[in-house]
Amino acid sequence: DMKVTQMPRYLIKRMGENVLLECGQDMSHETMYWYRQDPGLGLQLIYISYDVDSNSEGDIPKGYRVSRKKREHFSLILDSAKTNQTSVYFCASSLRYFGPGTRLTVL
Amino acid sequence: GQQVQQSPASLVLQEGENAELQCNFSTSLNSMQWFYQRPGGSLVSLFYNPSGTKHSGRLTSTTVIKERRSSLHISSSQTTDSGTYLCALATGGNNKLTFGQGTVLSVIP
């Protein structure tokens, strides 16, 4: 069963705190993605990972970093979160399979 | 300028009516996809369609690359079809997806 998982599904943080969003896939896809979705802005690409330790900035990488130490696992890290990073974050495995999303609120 | 433009932005149908959603793109592409997103939900890939016509149940996708357009036809709409339909282009060698702004479809009984 092809699946992309994301944890946590909902998260509330205070400004300045660190945030870790996690994504997993069971399809052995090499390429994984992190997007954020905001009303009026649509889906925007944050980072792409082409395989373990092979990551590339997307369109809006500022304020984010990523880690991929295993092919099946891709993390998005916000060091010192800001209120404008409140959003819904989606992970994708290959171009076709999206996770359920993480709704992040930064107060 | 915007690479992917979808129209209409929103659409209200009576159950049973047909819908035609459009996606126009301004660059060459590697692939074109149509996704469905329920409010508050994730994206589900409906079609991966570099060119030509594909069918899936009541859905038909047609992409004409030389005219830089793709359409999604929904026949005999149902209330469960309500949601947002997104088209997305993969361009260049890095397989990066660029999304349109989406069409919000509401099907009323």
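Kindly state, to the nearest 0.05, the FRET efficiency for A:Arg103 paired with A:Glu72, given R0 = 22 Å and r defined as their beta-carbon distance.
0.40
Please report the spacing between the Cα centers of region A:12-28 and region B:44-95 in Å, no decimals.
First find each Cα centre; the distance between them is then 30 Å.
Using 7 Å Cα-to-Cβ label points, what is the B:Ser10/A:Gln44 separation (nm, one decimal)?
Computed distance between label sites B:Ser10 and A:Gln44 equals 2.3 nm.
Counting only Cα atoms, I'd like the Rg/Rh figure for the protein assembly as shown, Kirkwood definition for Rh.
0.98
How long are the semi-axes of the equivalent ellipsoid of chain B, taking √(5λ) for every eigenvalue λ of the Cα gyration tensor, in whole Å from largest down?
Result for chain B: semi-axes of 23, 14, 12 Å.
Computed over the Cα atoms of region B:38-100, what is the convex hull's projected area averaged over all directions, in nm²?
Result: a mean projected hull area of 5.1 nm².
I'd like the FRET efficiency for A:Met27 and B:Ser82, computed as 1/(1 + (r/R0)^6) with the beta carbon distance as r and R0 of 45 Å, rounded to 0.05.
Here the calculated transfer efficiency is 0.95.
Averaged over peptide A:43-53, how many Cβ atoms belonging to another chain are found within 10 Å of each residue's Cβ?
2
Distance in nm between label sites at B:Ser26 and B:Ile108, each 7 Å beyond Cα in the beta-carbon direction?
3.5
Roughly how large, in nm² to one decimal, is the mean projection of the convex hull of the alpha-carbon atoms in chain A?
6.0
Restricting to DSSP loop positions (anything but H, G, I, E, B) with no more than 10 other Cβ atoms inside 10 Å of their own Cβ, which trypsin sites (Lys or Arg not before Pro) remain in chain A?
When the trypsin sites (Lys or Arg not before Pro) of chain A are filtered for loop state and at most 10 Cβ neighbours within 10 Å, A:Arg14, A:Lys62 remain.
Computed from the coordinates by the stated procedures, all read-outs in this text should not be read as laboratory data. Everything quoted here is computed from the prediction, not taken from an experiment. Reconstructed Cβ throughout: ideal geometry from the backbone, glycine too, with neighbour counts over all protein chains shown.
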